[in-house]
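The values are calculated or read from the model by the stated rules, or taken from the named source; none is laboratory data. On a predicted model such as this, the values are computed, not experimentally measured, just so you know. Every residue, glycine among them, receives a Cβ derived from its backbone with ideal geometry; neighbour counts consider all protein chains shown.
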Amino acid sequence: MPLSAPDELGAPHGALHQEVLRFYARQMRSLDEGNVAEWAATFTEDGEFSANAHPRPQRGREAIRQGAAEAAAKLAEQGVQRRHWLGMVEVSAGPDGTLTARSYAQVIATPQGGKAELELSCSCEDELVREGGELLVRRRRVHRDDLARS
Amino acid sequence: MPLSAPDELGAPHGALHQEVLRFYARQMRSLDEGNVAEWAATFTEDGEFSANAHPRPQRGREAIRQGAAEAAAKLAEQGVQRRHWLGMVEVSAGPDGTLTARSYAQVIATPQGGKAELELSCSCEDELVREGGELLVRRRRVHRDDLARS
Amino acid sequence: MPLSAPDELGAPHGALHQEVLRFYARQMRSLDEGNVAEWAATFTEDGEFSANAHPRPQRGREAIRQGAAEAAAKLAEQGVQRRHWLGMVEVSAGPDGTLTARSYAQVIATPQGGKAELELSCSCEDELVREGGELLVRRRRVHRDDLARS
């Protein structure tokens, strides 16, 4: 197969990978800009968000929305702008069509009038499903690199 | 729709998103490596570059080239290598075909013999148009996270 | 050509670019998680890894595997989790089909119980070839921004 040919088998996979990148850009900006309803809506109704930094998972959209609202209020009070970067994304599709997406995450924090800082480095694993044509997170597990595995 | 199917409606959008990623990689490397003519050529002739860090926008390719040349000369004198990373890119197309691309930006600075440092975290919004088949920036607005909105 | 149309000429190129992004995500995670056999297998049998930080290139899969194993053992002993981010990727295809991929790299290091840190900023250039349908690195050259050109 000539190297310059499009990778035919890989094309559907490429489109999904591409779509996940776009989904993450929109999703994380909604969190970082404090649009917590929009953020919560990127999870399924029974979505779960767990992290080795949290004592227990956030379960369901309402808990996820509330967790984000509390964090956003605290950041606003401190005058800190956070940016979540997801990168180095890998996507695979299971036999039932569920997608598994693994990524790296950087959390960057910038205080008003201060210095941008790399706050956290993480690894992230999502279960993604499609509802009404849109990708949604059914389960997100975040592993902060500075903490022991949960 | 099975999850593993390519997202048909999204495919043209995916190709544009993809093209914007490639455009940004090339554009920012030209800036970072001091190829200021190449950098200026990624804007339209009447392109505008504004930032909440600048008292006024750079208007037109020549002003954009000159601004970059001054910055490049200063960095060379200081022995600092800068790298601009654009990520978390979202692209949307307006009814007239103009693209709006939003992204996050990291500016990383490394002094010769010194330590790499995250210098700035920004949010970026571009208006992109196509001329002679190529994407060009008609308007870029950069918001540094440490400064108030302009 | 309407702006919203997929970029026909660019489509095969887009698929390759896309594939390189996926390859890098998988490749660098294998290194970061200490899967050194998997890491070595992403190079050709005669693959070469050179860096301006190294006195001489690593030549061949076995040397590349051994170099990674030594680094992984040292990081494990220090309790440091490293993450390599490759971004701002540009891909071009030569007349013989060999791909050249240029990228930026960030190396992020997080000590157990400590603070994530941007350890290095680099520029990277790969020669990629296809064997048995899979992309492999035939030659990687890494330039650390803090060091003189090799």
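Some points to look at:
- Taking the stretch B:17-43 as the range and being more than 13 Å from the chain's Cα centre (by Cα), more than 10 Å from chain C (Cβ to nearest Cβ) and touching a residue at least 40 places away in the same chain (Cβ under 8 Å) as the test, only B:34 passes.
- Selection count, the stretch C:131-150, where residues are buried (at least 19 other Cβ atoms within 10 Å of the Cβ) and more than 30 Å from residue A:109 (Cβ to Cβ): 5
- The number of residues in the stretch B:71-88 that are aliphatic (A, V, I, L, M), surrounded by fewer than 20 Cβ atoms within 10 Å (Cβ to Cβ) and in contact with a strand residue (DSSP E or B) (Cβ under 7 Å, 6 or more places away or on another chain) comes to 2.
- Condition check for residue B:144: within 11 Å of the chain's Cα centre (by Cα), more than 12 Å from chain C (Cβ to nearest Cβ) and modelled with pLDDT of 95 or more: no
- Of the residues making up the stretch C:99-137, those that are farther than 15 Å from residue C:47 by Cα and among the basic types (Lys, Arg) are C:102, C:115.
- The residues of the stretch C:99-123 that are surrounded by 22 or more Cβ atoms within 10 Å (Cβ to Cβ), out of contact with any Gly (no Cβ under 8 Å at 6 or more places or on another chain) and hydroxyl-bearing (Ser, Thr, Tyr), listed by number, are C:110, C:121.
- Taking the stretch A:109-129 as the range and being at the interface with chain B (Cβ under 10 Å from one of its Cβ atoms), in contact (Cβ under 8 Å) with a residue 12 or more places away in the chain and not in a loop (DSSP other than H, G, I, E, B) as the test, the residues that pass are A:109, A:110, A:111, A:118, A:128, A:129.
- Verdict on residue B:57 being closer than 14 Å to residue B:138 by Cα and either at pLDDT below 95 or surrounded by 15 or more Cβ atoms within 10 Å (Cβ to Cβ) (or both): yes
- Any pair with Cβ under 6 angstrom, 6 or more apart, that starts in the stretch B:53-82 at a residue that is without any contact (Cβ under 8 Å) to a residue 12 or more places away in the chain and ends at one that is of a type in the set (A, V, I, L, M): B:58/B:64
- Verdict on residue B:78 being within 11 Å of chain C (Cβ to nearest Cβ) and within 23 Å of residue B:58 (Cβ to Cβ): no
Residue-wise test of (1) closer than 19 Å to residue C:104 by Cβ; (2) out of contact with any helix residue (DSSP H, G or I) (no Cβ under 6 Å at 6 or more places or on another chain); (3) not polar (S, T, N, Q).
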{"site": "B:90", "(1), (2), (3)": "no, no, yes"}
{"site": "B:98", "(1), (2), (3)": "no, yes, no"}
{"site": "B:104", "(1), (2), (3)": "yes, yes, yes"}
{"site": "B:109", "(1), (2), (3)": "yes, yes, yes"}
{"site": "B:113", "(1), (2), (3)": "no, yes, yes"}
{"site": "B:116", "(1), (2), (3)": "yes, yes, yes"}
{"site": "B:122", "(1), (2), (3)": "yes, yes, yes"}
{"site": "B:125", "(1), (2), (3)": "no, yes, yes"}
{"site": "B:128", "(1), (2), (3)": "no, yes, yes"}
